[in-house]
Amino acid sequence: MLQLSRRMAQQVAEPFPMEEHGDDYINLKSIFAAIRRQSRIIIGGTLVGIVLGVIYVATSVPLYTATTSIVIDRRQVRAVQDVSAVTDLGIDAPIVADSQVEVMKSETIALAVVNKLDLVNNATFQAPQGWLLTWVVQWLGDTTRDIIAWVTGPTENIQTDPAQAEAAQRWGAVYRLLSKITVARVGKTYVITVSYTGSDAKQAVQIADAYVDAYLTEQLDAKYEATRRANTWLEARLAELRQQSVDSDLAVQKFRAANNLIAVGGQLVSELQLSELNAQLSVARGDVARTSARLDRIRTVLSSGQTEMQVGEAITNPTVSELQVRLMDASRREAEIVSRFGPEHERAVQYKLEKSDIQRQILSELSRIAESYESDYQIAKSRLETLDKSVSKLIDNAADANNRLVQLRELERAADTYRSLYQSFMERYQQTVQQQSFPIGDARIVTPAVPPMSPSHPKTIPILILSAFLGAIAGGACGAIRERRDDTIRTAVQVREKLGLSCVGLLPKIFPARLSSTWGSWMTPNTSAEPKRNRLPDLLRFAIDVPQSEFAEAMRSIAATVIHRHSGNSAKVLTVLSVEPQAGRTLLATNLAAVLANAGKTCLLIDGDIGNPTLSKTLVPDAETGLLEVLAEGKAWRSALHVVPGSTFLLLPTVSRPDLIHSNQLIARERFEEILCEARDAFDYVIVDTPPLSVSSDARVLASMVESALLVVDWGRTRADFIRETLLGIDMGELPWIGVVLNRVDLKSLRWY
């Protein structure tokens, strides 16, 4: 087995480290670079947006908007103030304006406008509106319905009611009108704007004004209807209250009659009687006391026999008065006779007898008077007793009446309540009757609708700006998705971070079809007698033919890196690998061999792609012996070498052998490793061109036999995860990597990475 020194691989770090992202900050430089990288998509999206905007503007039906405004205001002169049956308690609240906005958006207002203007049969109103896409969608919908109808077959004719069909058309016009009407409140004011947008300017003004008129009419009708309903309710309520009032009054009178609670002047008769009896009782008590005193006095006089004592009745009695006069006269005469003649005088005795007779007569008269006093006293006493019984009876009746008065007052209060309600409702009814014939709304027109001077839709400039902006956003989104999904290798930093290898060179993109025009002054003229070669050989030695190109400079840098990595060794064996076809593996191997040979190094290029020997077919198409013959038939490998025309390096080609079915197994034999050992001793550099790692396993076998390897990655096309997955089949710890070469690099775009 070939024992080669691989100490130059010491610089390689652990392969394929996981990519780490530090997203704790926003890298503006990276963002702007990504925008610049995706600028074509962003610009393309912007242009597409502008084109769509132009199509939208060009195909849209012009629409005109007419606007009118009203204000909700109660501060108006009313012929009848504060008598409306409709209570306006909340009209001053800010929420009322929003409520009126919702009322104006109702189907009732729209239906009134449709009926008033006959919008069902208005061709302008019913005309379709939209733009190209709208018509396309409508056409597709109609076509789909026709196809479904054709597939399902004809349906039975269904008789539709003309009234229902007309109602359906009318309601369709209503909803179409509502979709074109905009009702909005202006800020926090009581002003409400009504806007209609349509394809005809005059019709827009007509519909906007009709809409406001319908709202004002509906407001008046609503108040009139509310007042009418209130009057109807009040009439029924008045009849009910009238009957309730009469019934309550009758209940009071019946209760009074049933319970003997007759009142005179607002006072019960029993109360009046009790008051009068109390007065009579007081008088009777006085009479009893007076007659009793007179009776006692006269009895005292009669019992004492002192006729000179005065008694009230005796003073006024003429008989007693006359007798007292006679008594006094007899007493005077007796006193005179006694004083003159002594008490025993006949005249004195006569006068004394006369006095006794007169006194007897007086006492007799006083007895008669006493009997009269006794009669008066008994009468007064009897009357007092009668009055006492009557008062006691009335007091008992009054106590019972007071208990019944509680119920009477309750009935009276109910009667008063019904009477007050009846009077109040009667007044309210009279007011609403007057208000019903004079309703006033709370809204008035502030600004009438005027014909618009220009279409409100489409607005060309804003639409184009918006479409361009949306296109740019869509393009930016696509670009962001591309950036997010872009896992390809484009920079040396990405090579180091995603693959864990170093980048040894960037090969710029070259264009075979423009070689003569692009590098005309740099290319070496072909003065030899060799037949003209095709473009692929020119590309394979492009670094020699165009030495002043960026490609040649990059190849020389790669060759210098190879020489530096293999310094101190007499011979070097390296391979050029790629993970996928068409990555530029053959281009790098050939140009590297040419540059090394041009630098004075002896170089051998081995075409190890047995399955597809493109290198051999291109450089030495006439070769008859090659690597397969050496491995299979034991021929000397030196006899199979060919000199590449125009170059100083040798090529060990591979000639296709259809008869060798398992030709790829020849590479794994020790013979091929012996050839590499002998070539290593004979040449300064041995370069092995291998098949793609993802296609053939020969590349992995060849990689295990060389000293170092170069990995070619197609710039911006090969995904890093695909490269890592492919290289996992190689023992990376044993394979010394020189590094990675990025091919087909767009140097103009590279600065944005």
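Read-outs throughout are calculated quantities, based only on the coordinates presented, and are distinct from any laboratory measurement. The model shown is predicted, which means the values in this text are computed figures rather than measured ones. All Cβ positions, even for glycine, are placed from backbone atoms using ideal geometry, and neighbour counts span all protein chains on display.
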**Request:** Pop out the ³J(HN,Hα) list for the stretch 290-300 in order, Karplus 6.51 cos²θ - 1.76 cosθ + 1.60 with θ = phi - 60°, rounded to Hz; leave Gly and Pro as x.
**Result:** 5, 5, 5, 5, 5, 5, 5, 5, 5, 5, 4
**Complete:** Contour minus Cα-Cα span, residue 149 to residue 469, at 0.36 nm per residue, comes to 110.9 nm
**Request:** Could you pull out every residue, at least 5 positions away or on a different chain, whose amide H is within less than 5 Å of the one on residue 443? Hs are placed 1.01 Å off N in the peptide plane, and Pro or chain starts have none.
**Result:** 73
**Complete:** The answer for residue 739, listing residues at least 5 apart or on another chain whose modeled amide H is closer than 5 Å to its amide H, is 709, 711
**Asked** What full-extension length gain, to one decimal in nm, is calculated for residue 674 and residue 487 as 0.36 nm per residue of separation minus the Cα-Cα distance?
**Response** 63.3 nm
**Prompt:** What is the list of residues in the stretch 403-424 whose amide nitrogen lies under 11 Å from a point 7 angstrom out from the Cα of residue 259, following Cα to Cβ?
**Reply:** 403-412
**³J(HN,Hα) computed for each position of the stretch 704-718 - Karplus, 6.51 cos²θ - 1.76 cosθ + 1.60, integer Hz, glycine/proline x** = 7, 10, 10, 7, 8, 8, 10, 9, 9, 10, 6, 5, x, 10, 8
**Under the Karplus curve 6.51 cos²θ - 1.76 cosθ + 1.60, θ = phi - 60°, whole-Hz ³J(HN,Hα) for the stretch 620-632, x wherever Gly or Pro sits** = 10, x, 8, 5, 10, 10, x, 4, 5, 5, 5, 7, 8
**Request:** Could you work out the local net charge near residue 606, counting Lys and Arg as +1, Asp and Glu as -1, over the other residues with Cβ closer than 14 Å to its Cβ?
**Result:** -4
**Message:** Under the rule of at least 5 residues apart or a separate chain, name every residue whose amide H is placed under 5 Å from the amide H of residue 489.
**Reply:** 716, 717, 718, 720
